[in-house]
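Worksheet for the structure shown next.
Rule-based calculations on the coordinates, nothing more; no lab input. None of the values given here were measured: they were computed from a predicted structure. Note that we place each Cβ from the backbone using ideal geometry, even for glycine, and neighbour counts take in every protein chain shown.
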Ligand SMILES: [Zn+2]
Ligand SMILES: [Zn+2]
């Protein structure tokens with residue numbers, strides 16, 4: 001056996017190859033020979049198929065290397081299946097609606113609040129949002145091609161498409177027919193800058209920061225026991241203006257303590273608090289009585305802001321609450337049902353007044369005297385001074401805690417009483433739990449994670465009081481209180497009594513779709529669409545239906561549904577994309593929307609800390625591709641154990657490169 005020596009040519013040593021340059025040559029060769037098109041059509045006539053469904057990338061910024069990780073997997077799996085002769089859809093998706101786009105456009109235009117958007121014009125603003133999406137979709141396409149990601153570029157799906165939006169309408173109508181959709185009055189986490197409610201899904205993913213707040217120890221004078229006070233602690237002084245009750249644990253031991261001729265009640269286990277708060281202006285204290293929380297129930301006290309018009313007629317009493325603990329504070333909890341979730345639940349149980357003090361911008365409304373017009377976030381100090389003047393402040397203290405912030409703009413959230421729209425999960429959660437077993441979860445612990453979320457999640461809040469997003473097709477009759485959900489464009493046209501001409505020819509977005517009014521079926525009144533837009537996970541959750549033309553080409557949908565394979569980074573998606581697809585598929589078809597789910601972990605910086613634009617340790621894709629090459633990255637990704645976080649190595653700098661050239665050592 002002999003081989004002609006001319007077969008082998010000298011090659012550059014592996015650590016001397018200019019990979020980025022090499023890749024450019026290869027990509028050029030692909031282009032010149034139409035290799036991508038050959039690939040896409042290679043198995044067109046095959047009788048076996050593999051249905052891949054792409055989780056849409058948010059088209060709002062250039063890709064980072066963390067996007068490249070997921071996209072490298074997507075490409076790897078699809079290529080393998082192509083080589084094995086499977087016919088496939090190579091459709092990439094762009095996620096295009098929602099607050100994330102709005103916030104960036106607001107920044108571009110130098111806007112501070114929602115009022116600026118209204119003044120600018122919703123139509124113009126929405127137009128800008130669309131443009132931003134197309135701009136970044138183009139950019140991400142170029143980047144993906146640079147990654148060597150072979151997809152049917154130019155035939156992507158966009159969640160802003162009419163088909164996507166109308167298919168969600170269809171889904172919502174189904175929810176309504178089954179009685180799942182309801183308008184809820186509840187206290188929700190709220191961003192006062194974005195002026196919208198933030199769902200629990202969004203907070204749990206990325207919404208906390210370590211911060212310090214002014215907390216207050218306040219005394220509430222007991223009406224029937226002169227000289228005696230409930231000692232109460234709060235970390236949100238602004239909510240004291242909405243106080244209606246104080247809660248104790250009925251089974252917990254409390255003490256009555258004498259100090260400087262006055263008497264305080266607090267939990268026995270928290271007596272140490274008095275020692276810690278002592279200081280020169282307060283004398284020694286001693287316990288004069290021990291009692292159970294249950295003995296304090298029904299006591300009435302003077303509220304800290306009884307003089308405010310909004311507090312007139314409120315009777316302040318002590319109520320029982322099993323969640324009161326003796327771990328911090330005083331064991332007596334200030335209750336403001338208009339500013340706290342659990343507080344609101346208690347108000348329903350004990351028929352307490354509900355005082356809701358702030359508007360959508362977190363500003364006190366009328367009825368709060370000197371507080372009216374002020375921002376809740378800014379009044380802590382003034383509240384403390386006012387209470388001190390009234391003799392009700394025991395002690396102010398700075399308090400460090402983890403506090404929820406807006407995932408988009410980082411503003412601290414408040415809790416606010418609002419009317420929002422929800423999909424009830426009471427029944428649905430069990431129906432979903434029945435189908436998740438059909439799915440092959442990789443890694444296997446994914447199933448338990450999803451079940452854990454399904455067991456514990458609240459109802460799904462689907463509304464947002466914003467502009468750029470799915471127009472929720474809900475028509476809430478102001479006259480008779482019934483509401484209608486429209487399942488599609490034709491149905492809207494049928495029921496329209498005015499505004500159709502204005503809407504026709506536009507996408508189903510605000511403000512155009514809002515022009516259409518319908519007639520209430522019950523009372524004949526003219527009804528407008530509610531102003532809210534939808535939660536963006538509705539947009540991504542519907543793609544197993546919309547992108548496969550569930551409503552417009554049902555046979556095609558049958559051919560490709562359910563997907564054989566989906567893949568995304570798992571930490572957040574159990575309660576986001578995976579979850580929303582499961583909800584929608586359960587309601588529409590009572591079956592799993594995908595057969596295999598392959599999840600991978602999180603990409604972090606070299607030192608293991610999260611990558612963030614604001615921290616300056618985020619690596620943009622182009623930088624990595626230009627310096628080390630796409631294939632090097634893909635090799636790194638393909639070699640990694642997917643369920644482990646990937647510590648992305650630092651990209652060599654110019655200096656590193658120069659040094660390597662001089663010393664001859666690899667970078
Ligand atoms: Zn915000
Ligand atoms: Zn009506």
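Report the calculated FRET efficiency for residue 48 and residue 322 (r = Cβ-Cβ distance, R0 = 60 Å), to the nearest 0.05. Result of the calculation: an efficiency of 0.55.
Each of 480, 129 was scored by other Cβ atoms within 10 Å of its Cβ. Arranged with the fewest first, they read 480, 129.
Relative contact order for the range 208-404: what percent, with Cα pairs under 8 Å and sequence separation of 6 or more?
33 percent
The Cα atoms of the range 90-215 define a convex hull whose projected area, averaged across directions, is 12.2 nm². Across all Cα atoms of the range 192-345, the radius of gyration (one decimal) and Dmax (whole number) stand at 16.7, 51 Å. Relative to the longest principal axis of the Cα atoms of the chain, the long axis of helix 162-177 lies at roughly 50 degrees. A protection proxy built from the mean count of other Cβ atoms within 10 Å ranks the segments 331-339, 493-501, most packed first, as 331-339, 493-501. In the chain, the convex hull through the Cα atoms has an average projected area of 39.3 nm², a quarter of its surface area. Residue ranges 351-363, 233-245, 372-384 sort as 233-245, 351-363, 372-384 when ordered by packing (mean number of other C-beta atoms within 10 Å per residue, highest first). Counting neighbouring beta carbons within 10 Å and listing from fewest to most, the residues 106, 427, 32, 269 come out as 32, 427, 269, 106. One Cα centroid belongs to the range 520-544, the other to the range 325-386; the line between them spans 31 Å. Could you let me know the centre-to-centre spacing of the range 422-498 and the range 13-50, using Cα atoms, in angstrom? For the range 422-498 versus the range 13-50, the Cα centre distance is 41 Å. Averaging the sequence gap over all C-alpha pairs within less than 8 Å and six or more residues apart, then dividing by the number of residues, gives the chain a relative contact order of 18 percent. Here the spin labels are modelled as points 7 Å beyond Cα on the Cα-Cβ line, and at residue 410 and residue 604 they lie 2.0 nm apart. Each Cα pair under 8 Å and six or more residues apart adds its separation to the average, and for the range 458-566 the resulting relative contact order is 31 percent.
So how tilted is helix 122-146 from the main axis of the chain? Cα-based, degrees 0 to 90, rounded to 10. That works out to roughly 40 degrees.
Going from the residue with the fewest nearby Cβ atoms within 10 Å to the one with the most, 409, 477, 194 rank 409, 477, 194. On a 0 to 90° scale, report how tilted helix 19-32 is relative to the longest principal axis of the chain, with both axes built from alpha carbons and the result rounded to the nearest 10. The two axes meet at around 60 degrees. Remark: spin-label model distance residue 122-residue 658 equals 5.7 nm, labels positioned 7 Å along the Cα→Cβ axis.
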